Amino acid sequence: MPESNLAERSDRSEEQVSGAKVIAQALKTQNVEYMFGVVGIPVTEIAIAAQELGIRYIGMRNEQAACYAASAVGYLTGRPGVCLVVSGPGLIHALGGMANANMNCWPLIVIGGSSERNQETMGAFQEFPQAVRSSIYGRPGACYVDIPADFVTLQVNVDSIKYKECCMPPPVSMAETSAVCMAASIIRNAKQPLLIIGKGAAYAHAEESIRKLVEQCKLPFLPTPMGKGVVPDNHPNCVSAARSRALQFADVIVLFGARLNWILHFGLPPRYQPDVKFIQVDICAEELGNNVRPAVTLLGDINAVTKQELASKKSLPMNYYTVFYHIQEQLPRDCFVVSEGANTMDIGRTVLQNYLPRHRLDAGTFGTMGVGLGFAIAAALVAKDRNPGKRVICVEGDSAFGFSGMEVETICRYNLPIILLVVNNNGIYHGVDKDSWKEMLKCQDATTVAPPMCLLPDSHYEQVMAAFGGKGYFAQTPEELQKSLRQTLEDTTKPSLINIMIEPQGTRKAQDFHWLTRSNM
Ligand SMILES: Cc1ncc(C[n+]2csc(CCOP(=O)(O)OP(=O)(O)O)c2C)c(N)n1
Ligand SMILES: [Mg+2]
């Protein structure tokens, strides 16, 4: 404890305060607004103390989803969200969220309770402000604070505590002038320049400056999945519809907060010109020059004409394109789009438009399934507090939905008017129809004959929503989809789920790089 604190101590004061309250106050002092978690011994008191101080506590059904939600709050607000877990199994479940936050570079603080320690270790409270700083400075990410049980229950003299001042927003650092001049000259001399806008640009609130650069220098741009909306998707310079061509023919590529990882095919041929010049703009020094091994792609170009062609297909069951076409038609321009799944997310991304930055949350850099409902809950809470009236649309593959489907109860408990759309093809990537499933099971046990990607055909996921008092819809035709979508959008008071049946064997459009499909990964 610093000398000054000791000096400030009043020996006459008898007022005591618990460790739990000190932790809560320390969080409050750091402007923490949201805490997600699953309580147990010894952290329950911390959640209660946090609530008493006006920090919102959202009790989730799984630490993993809680951690995803807390990290999404960090991304959306720029101050770390807190995930509160018990030690051991709670922390282990949270690891998925911590890894995902690190990969996405999203600020997060995980607080776990651990077993009792003796009083000498009380100085660890002093480490707390460092945790906040390390989560938001430089490349943002997850950090973990371990709170021994006796810290939580211990009574300490009020006057003996000094809270660290709220940690400042991260300092803004600038690139070397000579490097900036060199970059400008390379762009000026480029024949086919291309900007790639990543979620780093979104997190940095760079929308104004990037839009100016795009417009004043007449540069084409391509957003990464969560870079969507920094400059609106319908901007005339957006080349998403010809993504592969744009990557392949560019001679100069400027990366704004986008990493040359798998999403960008590692920056290697044949996706790119062998002599393409990259200009990387990134907050993290370690990222610079990081071109790794040759690899796999998830996405080919899907041009607008074939999309519409596929979307207008009238036959039943519906396909992905028909579904997304109808969703896009009714999607409010300012809504948050959360999405996860394989085909559901990848095809959805090409059809569903974003017009605002930080309004798309998806499986992200780690490709993690199970993040969707936690992200949607976070977006709905943030929307409620900061953007009343904005809707959250969560587009889930049926497998993706299963990873944290029980968070529907959380959504209903807090009455968050999220619209969940489950694109149901009876499986992971694809499944089988009900009759084939029955046929299959006639001869042998499901564990032997059912393809591992199959899920139970025609599952009524909408009943999960109905079970908790939300509104559930089952849509098998474009008309049913249109009607149920209209109703869910009209009802701003309640959560809802539309279970959208599509063809179980429906695949994506043929790609140029057949051997590089996801199934070969
Ligand atoms: C935590 C985690 N487990 C497993 C996977 C592997 N995986 C990738 S996509 C996916 C689900 C795809 O199925 P669905 O959500 O139904 O979307 P679809 O492709 O069928 O539209 C799975 C399990 C993963 N990405 N993350
Ligand atoms: Mg599926």
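Data for the structure
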item	result
Other-chain or far-sequence residues with amide H under 5 Å of Tyr473's (modelled H)	Leu497, Ile498, Asn499
Relative packing of peptides 229-241, 102-114 - highest average C-beta neighbours within 10 Å first	102-114, 229-241
Segments 323-330, 151-158 sorted - mean Cβ within 10 Å per residue, highest first	323-330, 151-158
Over 30 Å (Cα to Cα) - which of Lys390/Lys483; Lys390/Lys471; Lys212/Lys390; Lys28/Lys212 fall in this group	Lys28/Lys212
Dipole in debye (nearest 20) - the chain, about Cα centre, beta carbon charges: Lys, Arg +1; Asp, Glu -1	1540 debye
Dipole of the chain, positive direction: furthest Cα of Leu441, Phe221, Leu421, with charges on the beta-carbon	Phe221
Segment 217-258, accessible surface, carbon-and-sulfur percent (1.4 angstrom probe)	60 percent
For the chain: accessible area per residue (Å², 1.4 Å)	45 Å²
Projected area, mean over directions - segment 316-472, Cα convex hull, nm²	10.0 nm²
Amide H contacts of Tyr57 (H built 1.01 Å from N, under 5 Å, at least 5 apart or other chain)	Met35
Mean Cβ count within 10 Å, highest first, over the residues of peptides 408-419, 351-362	351-362, 408-419
Accessible surface of segment 374-415 [probe 1.4 Å, protein heavy atoms]: carbon and sulfur percent	55 percent
Per-selection Kirkwood Rh - the chain (Cα, Å, 1 d.p.)	24.6 Å
For the chain: relative contact order, % (alpha-carbon pairs under 8 angstrom, 6 or more apart)	12 percent
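The values are calculated or read from the model by the stated rules, or taken from the named source; none is laboratory data. Source: prediction; values computed, not measured. Note: ideal-geometry Cβ built from the backbone for every residue, glycine included; neighbour counts use all protein chains shown. SASA here: full protein model, heavy atoms, side chains in, ligands and nucleic acids out. Shrake-Rupley method; radii C 1.70, N 1.55, O 1.52, S 1.80 Å.
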